[in-house]
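Right, one structure below, let's go through it.
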Number of protein chains: 2
Amino acid sequence: MKHVLSSLGEARLLDRIYARLKRQHLPALVLGPGDDAGLLKVAPGKILVATHDDLAEGAHFETRWTDFRRLGRKLLRVNLSDLAAMGDVKPLAVLATAAFPASAPERWFRDFLDGLSADCRLFKTALLGGNLVRSSRLFFGLTALGEANPSGILRRSGAKPGDLLYGVGPLGLAGRGLAALRRRAKDPAGVTAFWEPEPQFRAARLLARSRLATALIDNSDGLSRSAWEIARASGTSFRLDLSHAPVAGNPDAGEDYGLLFSVPPPRLARLKAVLPAAYPLGAVSKRGARALSAHGGYDPFAAKAPHAL
Amino acid sequence: MKHVLSSLGEARLLDRIYARLKRQHLPALVLGPGDDAGLLKVAPGKILVATHDDLAEGAHFETRWTDFRRLGRKLLRVNLSDLAAMGDVKPLAVLATAAFPASAPERWFRDFLDGLSADCRLFKTALLGGNLVRSSRLFFGLTALGEANPSGILRRSGAKPGDLLYGVGPLGLAGRGLAALRRRAKDPAGVTAFWEPEPQFRAARLLARSRLATALIDNSDGLSRSAWEIARASGTSFRLDLSHAPVAGNPDAGEDYGLLFSVPPPRLARLKAVLPAAYPLGAVSKRGARALSAHGGYDPFAAKAPHAL
C-alpha cells in the first residue's frame, strides 16, 4: 500500500495541492482552492464564485440502481450547494461534462440531459458549455459559476472559540437513501434526499445578509469532516452534540448538502428569529482542545470510506 | 447497435443538446453551447469566456505511454486553445478535476500536479478550484475562464461565400506524435505537438484586433470537421486545398490545436503582413455546394474514429 494514493488519503492529497498553490499570484484571484468554491474579482464590487464537482461510476453511483434523470439533477444541485455555502451567492451559469461508454443505452443520455436541463430552468441558471466524451466508465462533472458582492461572502475560516455550531438541512437522510437504493429497499424520503438535495440558497443568504454566521460550509462530506474543515481553516477545535439535531441516519455518511455554520452566542436570538429551521450541533473550542468527534466523513481514497460502494 | 450512443455519433448527440437548450433564457447569457467556448456578460463591456474539456483514459491516453507531467500541461493547453479560438481573450483562472484509482502510483498524481501548476504559471492563470475523485479509470477535466471585450469576440458563424480559409499552427503533427507514442517510436516533434500544443493566443488576438477574420475555430477535432463546423454555423459550404499547407501527418486526426479561420479576399494582403505564418487551406462556398472534403475528423462515439485508441 506504500506510494499509492489510498495510502495517503484525500486530506493529505488536498494538502499537497494547497501547498503547491499557496504562492499563486494573480491580481484577480481572491480565494483559491480550499473552501467550498473559489473567488475571482471580475469587476469592481463583483465577485465570480466558481466550483466544480463530479459524480463518478463506482464512487458515487452504480448503473444498476441509477435513474439518470435524477443523476442529472443531482449533478447540478451538488454544485449549487457549494455556491450557496459561500454565502449570498446568485447562480449564473454552468458547464457540464458527461462521459459514456459507446455501448451505453441512448436513454441514459436522454434522461441525463432531461434532468439537468429541467433543474437548470428550476434554479434559473443556463448551460454555458460542456463536453461529451467516450469512456468505459460513466463520469459526470459540472462547473457552477455564481456572482456575489464581496460583503456577501462567508468563508470557512471565520469561526472563533466560544461560537456555537448550528446546522440547517437533513442529517444522514441521504446516506439512508443510498443504503436503500443499494439493497433495493423502499425509502422515498431518503432516496429523494440522495438524488435531489436542496441547495440552501435561502438559508445562506439570510446568514450572510443578517451577519449571523462567522463561518459557513456545506456538510456534503459528512458532519464531522465538515466541522473539522471549519476548525482547520479557523485555527480552532470543536465538539459536536447531536442531542437536538434531526438525525435521520449516519450524519458522517456524507451527501446531505445541508449547511454547517458558527454563530457567536449574542446573535443566537436573532438566528432563531430569522432562521427557525436551524438546529444546534455543538460549539467551537480553542485550538488544541480535543475534537469531540472522530474525524469521520467521506474520504474517497481511504480504504474504508463510510459509504464506499 | 440500435439505441446505443455509438449508433448516433457525436454530431447527432450534440445536436440534441443544442436543440434542448435553444430556449434558454437568461439575461446574462450571450452565447451557449456550440462554439469553442460559451459567453456570459459579467459587467458592462466585459464578457466572461468559459470552456470545459477532458482527457479520458482509453479515449485520449493510455497509462502505458503517458507522462503525467505532460498530461497536466496538455489538460490546461487544450482548454486555453478553446479560449483563444474565441478571439482576443485573456485567460483568467481554471478549475481542474482529476479521477484516479485508489491503487494509482502517488507519482502519477504528483507529476500531474507539477505539470498543471507549471503551465498555470507559464500562461499567467491561476487554479481557482477543482475536485479529486476515485474512479477505476483515470479521467481529467478542466474548465478555463477568460475575459474579453464584446468587440474582441470571433465566432464560428461569420463566414461568407467567397471568403478564403486560412490556418495557423501544426497540421497532422500531433496525430503523428500519438502514433509514435503508441508504437514506442521516436518522434520528438510529433510527441511534443501531441502533449504540449501551443494555444494560439497571439494569432487569435491579431485576427480579432485587426478585424481580419470573419469566423474562427480551433482545429482540435481535425481539419475537415472544423471546416464543417464553420460551414454549419455560417450556413455555407467549403472546399479544402492542402497544396500550400504544412501537412505533417493526417490533418483529420485531430489534437493539433491550431486555428482555422475565414478571411474576405480584400483583407488578404493585410493578413500576410500581420500574420505571415498563416497558410491557405481553401475557400468558403455557397450552402448546397458539395463540400470538397469528406466530413472526417474525430468522433469519439463513431465506431471508427480516426485516432480511436
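Could you tell me which of the residues B:ASP54, B:ASP67 is at pLDDT 95 or above, surrounded by fewer than 18 Cβ atoms within 10 Å (Cβ to Cβ) and among the acidic types (Asp, Glu)? Can you show your working first?
Numbers: B:ASP54 fails: surrounded by fewer than 18 Cβ atoms within 10 Å (Cβ to Cβ).
That would be B:ASP67, the only listed residue that is at pLDDT 95 or above, surrounded by fewer than 18 Cβ atoms within 10 Å (Cβ to Cβ) and among the acidic types (Asp, Glu).
Given the structure, is B:GLY167 assigned to a strand (DSSP E or B), at pLDDT below 95 and within 24 Å of A:GLY129 (Cβ to Cβ)? Spell out the reasoning first.
Values: assigned to a strand (DSSP E or B): yes; at pLDDT below 95: no; within 24 Å of A:GLY129 (Cβ to Cβ): yes.
In short, no.
Taking the condition buried (at least 24 other Cβ atoms within 10 Å of the Cβ) and facing chain A (nearest Cβ under 7 Å), does B:LEU127 pass? Step through it out loud before you land on a result.
Values: buried (at least 24 other Cβ atoms within 10 Å of the Cβ): yes; facing chain A (nearest Cβ under 7 Å): yes.
The answer is yes for B:LEU127.
Does A:GLU196 satisfy being buried (at least 18 other Cβ atoms within 10 Å of the Cβ) and on the phi < 0 side of the Ramachandran plot?
Details: buried (at least 18 other Cβ atoms within 10 Å of the Cβ): no; on the phi < 0 side of the Ramachandran plot: yes.
No.
Restricting the first residue to the range A:203-220 and requiring it to be under 25 Å from A:ALA174 (Cβ atoms), which pairs with a second residue that is part of a strand (DSSP E or B) and of a type in the set (Ser, Thr, Tyr) meet a Cβ separation below 7 Å and a spacing of at least six or different chains?
A:ALA213/A:SER262; A:ALA215/A:SER262
Name every residue in the range A:134-144 that is in a strand (DSSP E or B), within 17 Å of A:PRO105 (Cβ to Cβ) and facing chain B (nearest Cβ under 7 Å), in order of residue number.
So the first thing to find is which residues in the range A:134-144 are in a strand (DSSP E or B), and the list is A:134, A:139-144.
From what is left, the residues that are within 17 Å of A:PRO105 (Cβ to Cβ) are A:134, A:139-140.
If the condition is that a residue be in a strand (DSSP E or B), within 17 Å of A:PRO105 (Cβ to Cβ) and facing chain B (nearest Cβ under 7 Å), then A:ARG134, A:PHE139 are the ones that fit.
For A:ARG202, indicate whether it is at pLDDT below 95, closer than 30 Å to A:LYS41 by Cβ and assigned to a helix (DSSP H, G or I).
So A:ARG202 does not fit the description; no.
Looking at the range B:260-291 only, could you name the residues that are surrounded by 15 or more Cβ atoms within 10 Å (Cβ to Cβ) and under 12 Å from B:LEU207 (Cβ atoms)?
Passing the criteria: B:LEU260, B:PHE261, B:SER262, B:VAL263, B:ARG267, B:LEU271, B:VAL274, B:LEU275, B:ALA278.
Looking at the range A:154-165, is at least one residue farther than 23 Å from A:PRO44 by Cα, within 12 Å of chain B (Cβ to nearest Cβ) and in contact with a Phe, Trp or Tyr (Cβ under 8 Å, 6 or more places away or on another chain)? Reasoning before the result, please.
Here is the first cut: in the range A:154-165, the ones farther than 23 Å from A:PRO44 by Cα are A:156-165.
Add one more test, that the residue is within 12 Å of chain B (Cβ to nearest Cβ), and what stays is none.
So far as the range A:154-165 goes, no, none of its residues is farther than 23 Å from A:PRO44 by Cα, within 12 Å of chain B (Cβ to nearest Cβ) and in contact with a Phe, Trp or Tyr (Cβ under 8 Å, 6 or more places away or on another chain).
Name, by its number, the condition in (1) part of a strand (DSSP E or B); (2) surrounded by fewer than 24 Cβ atoms within 10 Å (Cβ to Cβ) that does not hold for B:ALA99.
(2)
For the range B:8-25, enumerate the residues that are over 20 Å from B:ARG155 (Cα atoms), out of contact with any Leu (no Cβ under 7 Å at 6 or more places or on another chain) and either surrounded by 16 or more Cβ atoms within 10 Å (Cβ to Cβ) or not assigned by TED's automatic domain parsing to the domain that holds B:ALA84 (or both).
Scanning the range B:8-25 gives B:LEU8, B:GLY9.
Take the conditions more than 15 Å from the chain's Cα centre (by Cα), surrounded by fewer than 24 Cβ atoms within 10 Å (Cβ to Cβ), at the interface with chain B (Cβ under 7 Å from one of its Cβ atoms) and among the hydrophobic types (A, V, I, L, M, F, W, C) and apply them to A:ALA104. Does it pass?
Numbers: more than 15 Å from the chain's Cα centre (by Cα): yes; surrounded by fewer than 24 Cβ atoms within 10 Å (Cβ to Cβ): yes; at the interface with chain B (Cβ under 7 Å from one of its Cβ atoms): yes; among the hydrophobic types (A, V, I, L, M, F, W, C): yes.
So A:ALA104 passes the test.
With more than 10 Å from chain A (Cβ to nearest Cβ), modelled with pLDDT of 95 or more, under 11 Å from B:GLY146 (Cα atoms) and buried (at least 20 other Cβ atoms within 10 Å of the Cβ) as the only criterion, which of B:VAL78, B:VAL89, B:VAL94 stands out?
On the way: B:VAL78 fails: under 11 Å from B:GLY146 (Cα atoms); B:VAL94 fails: more than 10 Å from chain A (Cβ to nearest Cβ).
Going through B:VAL78, B:VAL89, B:VAL94 in turn, just one is more than 10 Å from chain A (Cβ to nearest Cβ), modelled with pLDDT of 95 or more, under 11 Å from B:GLY146 (Cα atoms) and buried (at least 20 other Cβ atoms within 10 Å of the Cβ): B:VAL89.
Which residues, counting only those in the range B:20-44, are at pLDDT below 85 and under 22 Å from the mean Cα position of the chain (by Cα)?
B:LEU21, the sole residue that qualifies.
Restricting to the range A:231-259, name every residue that is hydroxyl-bearing (Ser, Thr, Tyr), in contact with a Gly (Cβ under 9 Å, 6 or more places away or on another chain) and within 27 Å of A:PHE194 (Cβ to Cβ). Give the derivation first.
Taking the range A:231-259 and keeping what is hydroxyl-bearing (Ser, Thr, Tyr), we get A:234, A:236-237, A:243, A:257.
Those still in the list that are in contact with a Gly (Cβ under 9 Å, 6 or more places away or on another chain) too: A:234, A:237, A:257.
Residue satisfying the conditions is A:TYR257 alone.
Please work out which one of (1) more than 20 Å from the chain's Cα centre (by Cα); (2) over 28 Å from A:ALA227 (Cβ atoms); (3) away from chain B (no Cβ under 11 Å); (4) not aliphatic (A, V, I, L, M) is the condition A:ASP119 fails and give its number.
Among (1) more than 20 Å from the chain's Cα centre (by Cα); (2) over 28 Å from A:ALA227 (Cβ atoms); (3) away from chain B (no Cβ under 11 Å); (4) not aliphatic (A, V, I, L, M), the lone unmet condition for A:ASP119 is (1).
So, restricting to strands (runs of 3 or more DSSP E) that lie completely within the range A:9-74, which ones have at least 3 residues that are in contact (Cβ under 8 Å) with a residue 40 or more places away in the chain, facing chain B (nearest Cβ under 10 Å) and not β-branched (Val, Ile, Thr)? I'd like the intermediate steps shown before the answer.
On the way: elements: A:29-31, A:38-43, A:46-56.
Result: A:46-56.
Working carefully through the options A:GLY167, A:GLY172, find the one that is buried (at least 24 other Cβ atoms within 10 Å of the Cβ), on the phi > 0 side of the Ramachandran plot and of a type outside the set (Phe, Trp, Tyr). Quick ask: steps written out before the conclusion?
Numbers: A:GLY167 fails: on the phi > 0 side of the Ramachandran plot.
The match here is A:GLY172.
Identify, from the list A:ALA185, A:ALA189, A:ALA148, the residue that is more than 28 Å from A:SER262 (Cβ to Cβ) and in contact (Cβ under 8 Å) with a residue 12 or more places away in the chain. Walk me through it before giving the result.
Details: A:ALA185 fails: in contact (Cβ under 8 Å) with a residue 12 or more places away in the chain; A:ALA148 fails: more than 28 Å from A:SER262 (Cβ to Cβ).
A:ALA189 is the lone residue from the list that is more than 28 Å from A:SER262 (Cβ to Cβ) and in contact (Cβ under 8 Å) with a residue 12 or more places away in the chain.
Looking for whichever is surrounded by 23 or more Cβ atoms within 10 Å (Cβ to Cβ) and not in a strand (DSSP E or B) here; the options are A:ALA185, A:ALA159, A:ALA180. Which one fits?
Details: A:ALA185 fails: surrounded by 23 or more Cβ atoms within 10 Å (Cβ to Cβ); A:ALA180 fails: surrounded by 23 or more Cβ atoms within 10 Å (Cβ to Cβ).
The conditions single out A:ALA159.
Looking only at the range B:208-222, decide whether some residue is assigned to a strand (DSSP E or B) and farther than 26 Å from B:LEU116 by Cα. Can you show your working first?
Kept after step one, since they are assigned to a strand (DSSP E or B), are these residues of the range B:208-222: B:215-218.
Imposing the further condition that a residue be farther than 26 Å from B:LEU116 by Cα reduces the set to B:215-216.
Yes, there is a match, as at least one residue in the range B:208-222 is assigned to a strand (DSSP E or B) and farther than 26 Å from B:LEU116 by Cα.
The values are calculated or read from the model by the stated rules, or taken from the named source; none is laboratory data. Because the structure is a prediction, the values reported are computed rather than measured. Please note: Cβ atoms are built from the backbone with ideal geometry, for glycine as well, and neighbour counts cover all protein chains shown.
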